[in-house]
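Just below is one structure, and these are the notes that go with it.
The values are calculated or read from the model by the stated rules, or taken from the named source; none is laboratory data. Small disclaimer: the values here were computed from a predicted structure and weren't measured. All Cβ positions, glycine included, derive from the backbone under ideal geometry; neighbour counts span all protein chains shown. Surface areas here come from the heavy atoms of the whole protein model, side chains and all, with no ligands, DNA or RNA. Shrake-Rupley method; radii C 1.70, N 1.55, O 1.52, S 1.80 Å.
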Amino acid sequence: MDPFQRMQVFTRVAELASFTQAAQALALPKASVSMAVQSLESELGTRLLHRTTRRVQLTQDGQAYYERCKDLLADVDELQSMFQHADGASLRGRVRIDMSTGMARNVVVPRLPELLARHPALELELSSTERRVDVVREGFDCVLRTGAVVDSSLVARPLGDARLANCVSPAYLRRHGAPQSLADLAGHRLVHFVNTLGARSTGFEAVVDGALVLTPMQGAITVNNAEAYMASCLAGLGIIQVPRLGVVDLLARGELLEVLPALSAPPMPLTLMYANRRNLPRRVRTVMDWLAEVVVEHCREQDMPAVSPAQSAPGPSRLPP
């Protein structure tokens, strides 16, 4: 077998967790399947699979090799069929994406059925963590980020700006009432958000006559991640300032209420980012174009500034440091 055939055999064994089932699926003798995997392990100098009489399981190195094999085999499959797919036919292969939980829940996931209906062989891996993932090291094809972008090693595709909302829970409103001006905030509480615990919160942010105004506020809790930030607000601990797209469902259900709508913080940029690759696989380009379209449409529906998909097309330049 050539190297790609051995990779295909190994991938099928890993997915089926069985040499016997892999041999049946590939119409190969079981001995050939076993020899292909042993040959790979010998070439790589590491064990890829734990074998017992009852099961076959990936080792840690095997899991890493399997992930890379899937992407490489999908790229080869796409290369071999690039001319047959020139008319926009169905895509196949995996695309790994990361975005915030609110973005996934309110914007992207509800629209996924339409994408997968067009490309049923497409496999999406969607990460919804609030941390900044390492795009290259963790194997992400692209990430949707809200806020300032500081990673100059990635290509940035701007999609627009997310408008922020000042939110409280109904319980907080019953206890403290609704502030009507910045001066009223002296009698209210803020859920403070900092990137590193111990850092000083900037307070309540608002744009007044085109200038950013920071208003110090009291607050019983300071958090450093989005989930705790949201939970603190829902528990009635204070006001939070969040991208509207992340709480549109909670506002619609009345679980959160908006206060001081005319005094919002500056909008946060929405950016689609990806590693600088000379030729992106067609499945990745297609998914990125679809994501850009979905986000831009959502921004328009929520009356948020956005750029058109044509304007957001990636250019050769990178972000400054």
When the range 177-221 is checked residue by residue, the ones that are farther than 18 Å from Gly238 by Cα and touching a helix residue (DSSP H, G or I) at 6+ places or on another chain (Cβ under 8 Å) are Val208, Val213
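In contact with an Asp or Glu (Cβ under 7 Å, 6 or more places away or on another chain), charged (D, E, K, R), at pLDDT 85 or above and open to solvent by 60 Å² or more (accessible area, probe 1.4 Å): is that true of Arg92 in this structure? Before the answer, list the steps.
Details: in contact with an Asp or Glu (Cβ under 7 Å, 6 or more places away or on another chain): yes; charged (D, E, K, R): yes; at pLDDT 85 or above: no; open to solvent by 60 Å² or more (accessible area, probe 1.4 Å): yes.
Spelling it out, it is not the case that Arg92 is in contact with an Asp or Glu (Cβ under 7 Å, 6 or more places away or on another chain), charged (D, E, K, R), at pLDDT 85 or above and open to solvent by 60 Å² or more (accessible area, probe 1.4 Å).
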Taking Arg174 as the residue in question, decide whether it is touching a strand residue (DSSP E or B) at 6+ places or on another chain (Cβ under 7 Å) and either at negative phi or in a loop (DSSP other than H, G, I, E, B) (or both).
-> no
Scanning the range 1-19 for residues that are open to solvent by less than 60 Å² (accessible area, probe 1.4 Å) and not in a loop (DSSP other than H, G, I, E, B) gives Arg6, Met7, Val9, Phe10, Thr11, Val13, Ala14, Phe19
Within the range 43-89, of all residues that are among the hydrophobic types (A, V, I, L, M, F, W, C), open to solvent by less than 70 Å² (accessible area, probe 1.4 Å) and modelled with pLDDT of 85 or more, the one nearest to Arg282 (Cα to Cα) is Cys69
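Taking the range 260-300 on its own, how many of its residues are among the small types (Gly, Ala, Ser) and open to solvent by 10 Å² or more (accessible area, probe 1.4 Å)? Write out each step before concluding.
Here is the first cut: in the range 260-300, the ones among the small types (Gly, Ala, Ser) are 262, 264-265, 275, 292.
Checking which are open to solvent by 10 Å² or more (accessible area, probe 1.4 Å) leaves us with 262, 264, 275.
Going through the range 260-300 one residue at a time, the tally reaches 3.
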Scanning the range 152-171 residue by residue, the ones that are under 21 Å from Ala226 (Cα atoms), assigned to a strand (DSSP E or B) and open to solvent by 50 Å² or more (accessible area, probe 1.4 Å) total 1
Note on the range 129-151: residues over 26 Å from Leu72 (Cβ atoms) and either assigned to a loop (DSSP other than H, G, I, E, B) or in contact with a Leu (Cβ under 7 Å, 6 or more places away or on another chain) (or both) are Glu130, Arg131, Arg132, Thr146, Gly147, Ala148, Val149, Val150
So, first residue over 15 Å from Arg68 (Cβ atoms) and free of Cβ contacts under 8 Å to residues at least 40 places away in the same chain in the range 128-141, second residue of a type in the set (D, E, K, R) and open to solvent by less than 70 Å² (accessible area, probe 1.4 Å), Cβ within less than 7 Å, six or more apart or across chains; the pairs are Thr129/Asp98; Val133/Asp98
When the range 194-240 is checked residue by residue, the ones that are open to solvent by less than 30 Å² (accessible area, probe 1.4 Å) and within 22 Å of Gly177 (Cα to Cα) are Gly203, Phe204, Ala206, Thr215, Met217, Tyr229, Ser232, Cys233, Gly236, Gly238, Ile239, Ile240
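Look at Leu115 and say whether it is touching a helix residue (DSSP H, G or I) at 6+ places or on another chain (Cβ under 7 Å) and open to solvent by less than 50 Å² (accessible area, probe 1.4 Å). Break it down into steps so the answer makes sense when it comes.
Details: touching a helix residue (DSSP H, G or I) at 6+ places or on another chain (Cβ under 7 Å): yes; open to solvent by less than 50 Å² (accessible area, probe 1.4 Å): yes.
Yes: the conditions hold for Leu115.
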